[in-house]
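For reference, the structure discussed in these notes is given below.
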Amino acid sequence: MLHGVRRAPVPVYLLETSHPVRGGRGRELRPGRLESAVDDLYRELILDAYKNPRNRGRLEEPDASYEDENPLCGDVIRMDLEIRNGVIEAAKFSGHGCAISQASADLILERVKGQPVEVVLSLSREDVFEELGVESLTVSRVKCAMLPLKVLKAAAYGMQPSLKPG
Amino acid sequence: MTASLGRPVAAHLDTTTVREDFPILRRLAHGHRLVYLDSAATSQKPRQVLDALRSYYENSNANVHRGVYLLAEEATELYEAARVRVARFIGASSAEEVIFTRNATEAINLVAYTWGQETIGSGDTIAVSALEHHSNFVPWQVLAANRSAQVDVVDLTSEGTLDLDCLDRMLMEKRVRLVAIAGISNVMGTINPLSDIVDLAHGHGAMVLVDAAQMAPHMTMDVRRLDADFVAFTGHKMLAPMGIGVLWAREQLLQSMPPFLFGGEMIRRVTERETTWNDLPWKFEAGTPNVEGAIGLASAIDYLEQIGMKQIRAHEKALVAYALHRLADIPGASILGPRDPALRGGVIAFTVGDIHPHDLASILDRRHGVCIRAGHHCAQPLHERLGLSASARASFYLYNDFEDVDVLCDAIQTAKAVMG
């Protein structure tokens, strides 16, 4: 019947908010304050990385750089890497976008700094979610979260080596 | 409901009754009352339209213009009656002037690929406004590139209205063959002075295409009085299903244009060597059409006219006036486009401090069940001019009430607290 009140089933990908928060590596969580925001994507971990990024900026003489954007929302991420003997010695990101994309960039760089370049290749969507402390994201926000890893991989593997800072 | 916070009472239409016709408004969003403020993207559908679709499939479904049996005759009658209904709604001279397309984008592409390919030549100019949706921008860009022509963009005033002097200069200095213009901007909400634009363009021998996607759903539109050459709009923004759009042009002009897509339905006679084309409007409707969509559109028009287009416009104007007033009280909120509600449709694009519009939209949704659009709203050139990569947009329709505006403003305050 079209007239009755019918609640549409909620698609599975919309149900990501009820999961416990897990911290990204190298980030201290204060569970007491997080609990109240546990049902919300905009929790302290993401907001803190967004507002107080550790890795925002540019490197003067990067060994690898790459910049890309999300054409749907105009978010732009640039990654600069300094690589010594196959190890990421320094890494910075710049650009603009939503809290999810910017926090994702900061947290993923925090994870790969000091690691062999090969580690970047092995990173997956699940690693990004882990860093952000979410179990999953809605289809549209996955793109925001994944842009930094996409740019990082392109930078690390020299898909665009000609893109030097200008 | 008693007015709180100086909330006005709907005077132009009974939103309580209207809202009961829209089943989706009964569902919850993240546990909250659904506040749907994205009708500029697509409208919700009333029970009456859903019933018409169901009734068609349960009673009359068959392919149109083919069979001679009862169902086929009924389906054909319903489909062609829908065309007549649309023609009457927009003031067309005849139903032959109403071409069903998939959407406004396809209607505009139809013009670009038929009239455009035949008419636009080397050195010609196509004038578009800086307000255009990509659908009324990219087809002309591509056509111009193919024909060694150029697209020139008509500037905006600082108020966000179209700079008619700029258009006038363009018409005088260049060989402008077409002015492609939105009736109402889907970002700024600007209502363009179409009659002035049509007069200017015609005075210089240029044709006018009006992208009425944001206009047809929200105000009375009489294509003969408008006097433009092409008018395109879509059904899904005016209570009809997705996948049905309309191109209107005068019969004589449509007769002179070559067909768009080729195949069944659009032919008169096919031999192994050559084919002749069907009469209007079927010449432009190759393949099995969206019968369900056309029937839904006719039902949507019935619904809209029963409420009254003047009442709908007045209601949205009151909502926008109230929303502009409330948003002005939120520190950091900045509104794009004209300040005068008389100059704008039911669309308000805005930014809040340096909160990214995606974050704003996500928080509004999760914390308050408010659906707004965030991004460039398919108008990247406009956002580039404004120096923005994105904006947030709330858009209203007949089922929105003043409470929706209050929830929107409360939700923006929440977002400020979260992101602050």
### Message
Checking the structure you have, find out if any residue of the range A:143-160 is at pLDDT 90 or above, over 13 Å from the mean Cα position of the chain (by Cα) and in a strand (DSSP E or B).
### Response
no
### Query
For the range B:9-48, what are the residues that are within 14 Å of chain A (Cβ to nearest Cβ), among the hydrophobic types (A, V, I, L, M, F, W, C) and open to solvent by 40 Å² or more (accessible area, probe 1.4 Å)?
B:Ile24, B:Leu28
## Note on the structure
Of (1) away from every other protein chain (no Cβ under 14 Å); (2) touching a residue at least 60 places away in the same chain (Cβ under 8 Å); (3) touching a helix residue (DSSP H, G or I) at 6+ places or on another chain (Cβ under 8 Å), A:Val139 fails just (1)
### Query
When you scan the range B:364-414, how many residues do you find that are under 18 Å from the mean Cα position of the chain (by Cα) and within 16 Å of B:Ile330 (Cβ to Cβ)?
3
### Query
Listed residues A:Ser94, A:Ser101, A:Ser136; which is in a helix (DSSP H, G or I), out of contact with any Ser or Thr (no Cβ under 9 Å at 6 or more places or on another chain) and either closer than 24 Å to B:Ile355 by Cα or of a type in the set (Lys, Arg) (or both)?
A:Ser101
### Task
Those residues that are closer than 28 Å to B:Leu162 by Cα and over 21 Å from the mean Cα position of the chain (by Cα), I need them from the range B:76-113; list them, please.
none
### Residue satisfying all of: in the range B:74-117; assigned to a loop (DSSP other than H, G, I, E, B) and within 23 Å of B:Cys378 (Cα to Cα); most open to solvent (accessible area, probe 1.4 Å) among these
B:Arg102
### Query
If you go through the range A:36-69, how many residues are open to solvent by less than 50 Å² (accessible area, probe 1.4 Å) and within 10 Å of chain B (Cβ to nearest Cβ)?
7
### Query
Quick one: how many residues across the range B:226-246 are without any contact (Cβ under 8 Å) to a residue 60 or more places away in the chain and part of a loop (DSSP other than H, G, I, E, B)?
3
### Message
Condition (residue is in a loop (DSSP other than H, G, I, E, B) and out of contact with any Gly (no Cβ under 7 Å at 6 or more places or on another chain)) applied to the range A:81-89: is it met by at least one residue?
### Response
yes
### Summary
Note: among A:Arg33, A:Arg27, just one is on the phi < 0 side of the Ramachandran plot, modelled with pLDDT under 50, in a loop (DSSP other than H, G, I, E, B) and out of contact with any Gly (no Cβ under 7 Å at 6 or more places or on another chain), namely A:Arg27
### Message
Looking at the range B:385-411, I want the residues that are in the same structural domain as B:His358 (by TED's automatic domain parsing) and have a partner that is acidic (Asp, Glu) and open to solvent by less than 10 Å² (accessible area, probe 1.4 Å) with Cβ atoms under 9 Å, at least 6 apart or on another chain. Which pairs are those?
### Response
B:Ser389/A:Asp75; B:Ala390/A:Asp75; B:Ala394/B:Asp404; B:Phe396/B:Glu316; B:Phe396/B:Asp404; B:Tyr397/B:Glu316; B:Leu398/B:Glu316; B:Asn400/B:Glu316
## Note on the structure
Residue hits (the range A:104-122; in contact with a Leu (Cβ under 7 Å, 6 or more places away or on another chain) and either among the aromatic types (Phe, Trp, Tyr) or not in a helix (DSSP H, G or I) (or both)) are none
### Query
Of the residues A:Leu72, A:Leu81, A:Leu107, which is over 19 Å from A:Leu137 (Cβ atoms) and either open to solvent by less than 10 Å² (accessible area, probe 1.4 Å) or within 14 Å of another protein chain (Cβ to nearest Cβ) (or both)?
A:Leu81
### Message
Residues that are within 22 Å of B:Asp211 (Cα to Cα) and of a type in the set (Ser, Thr, Tyr): does the range B:315-335 have at least one?
### Response
no
### Query
Just for the range B:247-300: of the residues that are in a helix (DSSP H, G or I) and farther than 23 Å from B:Ala62 by Cβ, which one is least open to solvent (accessible area, probe 1.4 Å)?
B:Leu254
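Residues are listed down the side, and each one gets a yes or a no for (1) within 13 Å of chain A (Cβ to nearest Cβ); (2) out of contact with any Asp or Glu (no Cβ under 8 Å at 6 or more places or on another chain):
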position	(1), (2)
B:Gln311	no, yes
B:His325	no, yes
B:Pro331	no, yes
B:Phe350	no, yes
B:Leu388	yes, yes
B:Phe402	no, yes
B:Asp406	no, yes
B:Asp410	no, yes
B:Met419	yes, no
### Query
Quick one: B:Tyr69 ticks every box in (1) among the hydroxyl-bearing types (Ser, Thr, Tyr); (2) under 22 Å from B:Val210 (Cβ atoms); (3) assigned by TED's automatic domain parsing to the domain that holds B:Ser299 bar one, so which box is it?
(2)
## Note on the structure
Taking the range B:49-62 and the residues there that are more than 14 Å from chain A (Cβ to nearest Cβ) and open to solvent by less than 60 Å² (accessible area, probe 1.4 Å), the one that is nearest to B:Ile295 (Cα to Cα) would be B:Ser60
### Query
Would you pick out the residues in the range B:358-383 that are free of Cβ contacts under 8 Å to residues at least 40 places away in the same chain, in contact with a strand residue (DSSP E or B) (Cβ under 7 Å, 6 or more places away or on another chain) and more than 26 Å from B:Ala212 (Cβ to Cβ)?
B:His358, B:Ala361
### Query
If B:Gly308 passes every condition in (1) at pLDDT 95 or above; (2) within 17 Å of the chain's Cα centre (by Cα) but one, which one does it miss?
(2)
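The values are calculated or read from the model by the stated rules, or taken from the named source; none is laboratory data. What you are looking at is a predicted structure, and each value in this text was computed from that prediction instead of being measured. Virtual Cβ from ideal backbone geometry, glycine too; neighbours counted across all protein chains shown. Please note that ligands, DNA and RNA were not included when accessible areas were found on the heavy atoms of the full protein model with its side chains. Shrake-Rupley method; radii C 1.70, N 1.55, O 1.52, S 1.80 Å.
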